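Scroll down for the structure; my scribbles are underneath it.
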Amino acid sequence: MQNPFENALEQLRRAARAGEVPANVIERMSVPEREITVSVPVVMDTGETRLFEGYRVQHSSLRGPHKGGIRFHPKADINEVRALALWMTLKTSVADIPMGGGKGGITVDPKALSSGELERLSRGFVRMLYRDLGPKVDVPAPDVNTTPEIMSWMVSEYEKLTGDTTRATFTGKPVDGGGSLGRGSATGLGGFYVFNALRARLGLPEKCTVAVQGMGNVGGTAARILSEAGHTVVAISDSRGGVYKAEGIDVSAVEDYKHTHGSLAGYPDAVAITNAELLLLPCDVLIPAALENQITDANVNDVQAKAILELANGPTTPEADDRLFARGIHVIPDILANAGGVIVSYFEWKQNLTNETWTEEDVNARLKDILDTQSVLVHDEALTRATDLRRAAFLIALLRLKAAMEAPAEG
Ligand code: NAD
């Protein structure tokens, strides 16, 4: 497994070479401002106490409070969280919202925990970290395997410890617990807006065939929205494998089947495929929406999609990027493609602090406005520099961070 932080640093260096990014900006971005490692004791249902390792990486506060999700995963480690935190700094910058970057994680298989154990772990993590969080300091959100319910436990623990009742320290909360309308679907919908803004510019047909790896919050939402918009979802998967049907999959039927049976195994209306096969299917758009390092040296030459919409963070390695660019396969990079989540998290934070409630139409319209503008800027930058969309997005983000470094408050 490649180290995702090494990949993220390599992406930084490549972007710097493609434009005029001063060395001090790259140096600043290469090192997180602060890293916290905690050991969380959790009383298990058996009565024994187990320790879980957790992390919070506060990468940059140059443009605003640290912002980024918390991931629960057996393979979560400090290097993964560092990479995700750096990408968050670039993502909030490319979205041009007044937030910085951060990320958190706990090394745990949440599927092996009872609901009570999961709640005690979530609350315990906040007890370890609460002094380092806050609406103007660091604002976590959900990521892989963390849900609005988990956010509500974290908010409740934070309120108990600090007395802060703004609920603005966490985003991605349930709507009846201070969450924003539209946050649940924001990452998938945001990906759809970015795709629409760039589709014709990238020479993709009006109606595309799409393969989606991962059918969680992000991949499931994107598949549903794309299919409702008349595109053909030919394949979709979860961690154990996927299903394929050239004429198009009924996304809701697949989701209902998974809900009832726990997996896609035995789904009657499509052919079973592995996740490795899904990535290599002939289609217009491939959407990785699960984890890092999916498109690598090992499989990149066999990718048949015309474009890749990165809804997962870090699914393509730098070496694979080069091969894809050389083959004319466009990669719409994660820091732009999946920025919808953090943009609506920012809207949620803002509503909490001003005591406002925006309608879902309002949230989605503001989201679309930001992503339409920034997608076109990124594409124009790529054309001007004759480079790929990732380097272009990094360049735009880095130059905004440079401006923040040079602002008078920095001293
Ligand atoms: P999730 O937990 O809701 O879903 C993850 C999905 O990936 C599940 O369907 C799971 O079965 C699948 N999966 C896990 N391991 C896999 C594997 N090895 N191969 C194939 N599929 C696998 O998580 P999510 O919130 O949908 O996040 C998915 C990706 O999107 C992550 O990379 C995350 O960082 C990124 N992301 C999420 C948000 C957000 O708002 N939730 C925002 C931006 C980016």
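Descriptive notes on the structure:
- Among the GluC sites (Glu not before Pro) found in segment 309-411, those both in a DSSP coil and sparsely packed, with 13 or fewer other Cβ atoms within 10 Å of their Cβ, are E356.
- Between V175, V331, V94, the Gaussian network model of the chain with springs among Cα atoms under 10 angstrom shows the greatest mean-square fluctuation at V175.
- Short to long, the 10 Å bins of the Cα pair-distance histogram for the chain hold 5, 23, 34, 27, 10, 1, 0 percent of all pairs.
- Whole-number percent relative contact order across the chain, with pairs defined as alpha carbons under 8 Å at least 6 apart: 17
- Loop-located GluC sites (Glu not before Pro) in segment 236-286 (DSSP state not H, G, I, E or B) with no more than 12 neighbouring Cβ atoms inside 10 Å: E247.
- Sites excluded, trypsin sites (Lys or Arg not before Pro) in DSSP loops with at most 13 other C-beta within 10 Å, longest stretch of the chain: 241-326
- For segment 169-230: relative contact order, % (alpha-carbon pairs under 8 angstrom, 6 or more apart): 33
- Charge dipole (segment 113-195, unit charges on Cβ, about Cα centre) - positive-most of T162, T187, T146: T162
- Fewest-first ranking of H59, H330, H73, using other Cβ atoms within 10 Å as the exposure measure: H73, H330, H59
- Modelled spin-label separation between E406 and S252, with each label point placed 7 Å from Cα along the Cα-to-Cβ direction: 5.3 nm.
- Projecting label points 7 angstrom from Cα along Cα→Cβ for M128 and E206 puts them 5.4 nm apart.
- Antiparallel %, DSSP beta bridges [both residues in the chain], to 5: 50
- Charge dipole magnitude, Cβ of K and R +1, D and E -1 - segment 185-248, Cα centre, debye nearest 20: 100
- Cross-link pairs exceeding 30 Å in C-alpha to C-alpha distance, out of K207/K402; K136/K368; K207/K258; K111/K160, comprise K207/K402.
- Going from the fewest other Cβ atoms within 10 Å to the most, the residues S115, S345, S185 appear in the order S115, S185, S345.
- Student exercise, the chain dipole from Lys, Arg, Asp, Glu Cβ charges, in Debye to nearest 20: 660
- C-alpha center-to-center spacing [segment 110-148, segment 341-393] in angstrom: 26
- I249, I370 arranged by Cβ crowding within 10 Å, fewest neighbours leading: I370, I249
- Contact order relative to length of segment 302-411, as percent, for alpha carbon pairs under 8 angstrom and 6 or more apart: 24
- Membrane-span-like helices in the chain (whole DSSP H runs, Cα extent of at least 30 Å along the helix axis, mean Kyte-Doolittle hydropathy of at least -1.0): 360-385.
- If the segment from M44 to D77 were pulled out straight at 0.36 nm per residue, it would be longer than the present Cα-Cα gap by 9.7 nm.
- Segment 249-284-segment 166-219 distance, computed between alpha-carbon centres (Å): 20
- For the chain, calculated [θ]222 nm from helices alone, where every DSSP H run of n ≥ 4 adds -39500 (n - 2.57): -14000 deg cm²/dmol
- Taking the charge dipole of the chain about its Cα centre, with +1 at Lys and Arg Cβ atoms and -1 at Asp and Glu Cβ atoms, the residue from P408, I70, P41 reaching farthest to the positive side is P408.
- In loop segments of segment 25-113 as defined by DSSP, the GluC sites (Glu not before Pro) with at most 14 further C-beta atoms inside 10 Å of their C-beta are E48.
Each value in this text was obtained by applying a stated rule to the coordinates, not by laboratory testing. The model shown is predicted, which means the values in this text are computed figures rather than measured ones. So basically every Cβ, Gly included, is an ideal-geometry build from the backbone, and we count neighbours across all protein chains shown.
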